[in-house]
1. Given only helices, namely DSSP H runs of n ≥ 4 each adding -39500 (n - 2.57), what is the per-residue ellipticity at 222 nm of the chain, to the nearest 500 deg cm²/dmol?
2. Taking the Cα centre of the range 86-189 as origin and charging only Cβ (+1 Lys, Arg; -1 Asp, Glu), how large is the dipole, in debye to the nearest 20?
3. Can you pull out the chymotrypsin sites (Phe, Trp or Tyr not before Pro) in the range 81-129 whose DSSP state is coil and whose Cβ has at most 14 other Cβ atoms within 10 Å?
4. Using the alpha-carbon centroid of each, what span in Å lies between the range 144-217 and the range 69-99?
5. Could you give the dipole magnitude of the chain about its Cα centre, charging the beta-carbon of Lys and Arg +1 and that of Asp and Glu -1, in debye to the nearest 20?
6. Only sites in a loop by DSSP and with at most 13 other Cβ atoms within 10 Å count here; which trypsin sites (Lys or Arg not before Pro) in the range 75-182 make the cut?
7. Where q = 0.07, 0.15, 0.16 Å⁻¹, what log10 of I(q)/I(0) comes from the Debye formula for the range 25-215, counting one point per Cα?
8. Using a basic spin-label model with each label point 7 Å from the Cα along Cα→Cβ, how many nm lie between THR96 and ASN63?
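Laboratory data are not the source of any read-out in this text; all were calculated from the coordinates shown. As the structure is a prediction and not an experimental result, all values here were calculated from the model. All Cβ positions, glycine included, derive from the backbone under ideal geometry; neighbour counts span all protein chains shown.
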Amino acid sequence: MGKKLVLLALAAVSVALFAMPTVASAAENHFDTATTFTGTGGPGSIVVKEEPTLTFEALDINNGTISAGGTTGTMTLDFTGCHGSVFGLTAKCHTTGSALDNTVGTSATFHMITVSPGVPAILLTLAPFEVIVAGISSMYFEGNLIGTITSPKCGETSNKMSLSFSATGSTQNHLNYTGLPYDLIARTGGPGGAPRTAGFNASATLTTNTPGTLTCT
C-alpha cells in the first residue's frame, strides 16, 4: 500500500473513532457534595405492550449513595400498593420472595446525564426483578430507565432533587443517550419469555444529606 493510501486509511479510522458514541461523554452531569439520599414518590404505573398494566400507590427510595464526583451511585426502590389484572380481575402483585403480597422491590445503579441541551436527567440500570400477579401470572423486568430532573435547575444548589419518568403507552419518552438505546424490557412468564418493551410512569423527590449543586455539561 502506498504512503498516500496509508495516510488516507489512518485519517478514516481517526474520524470513525471520534464519531463512536460513548457513555463516558461530556453529557454527564454532577451533583457535588451530597453523598447519601432517600426519596418518596406518588402513584405510578408500568405499561407492558400486550399485557395488563401494573399500578402502584407509592414509591420509596432508600440506601441512596452518590459516588465521589457526583455522577454515579446506587439506590433501592420499593413500589407499594401494587396491583395488576388477571382474567379481568384486579389483584395484588409482588416481587419474588417479597414478604408482602403487594410490594415490588428492586435496586439500581444510576448515572447523571443530559438528554438534550439544558435538560438534565438520570439513567437507571435496574437489577432484574420478577413480579407475580395473584400468585399465578408473572412478568420479568430488566433494562434501563431515563427520567428527567425537573429541579433543581442547572447551576442551582439544593438538598432536594425532583425526578420525572414518563411513557407514551409502553414506550418510554426518553430512550437514547450518546446514540445508544436504553429501554425497560418485560418478559411474560419469566426470564425466558419473549421480550416486550415497557413504559414506566412515576415522579419522585430525593432528599440528600447535604445540599448539592447540579452542574450540567
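1. -2500 deg cm²/dmol, from helical runs alone.
2. 160
3. Passing sites in the range 81-129 are PHE87.
4. Using only Cα atoms, the two centres lie 16 Å from each other.
5. 660
6. Sites meeting the loop and neighbour criteria: LYS153.
7. Cα-only, vacuum Debye calculation for the range 25-215: -0.19, -0.85, -0.96.
8. Simple spin-label model gives 1.8 nm for this pair.
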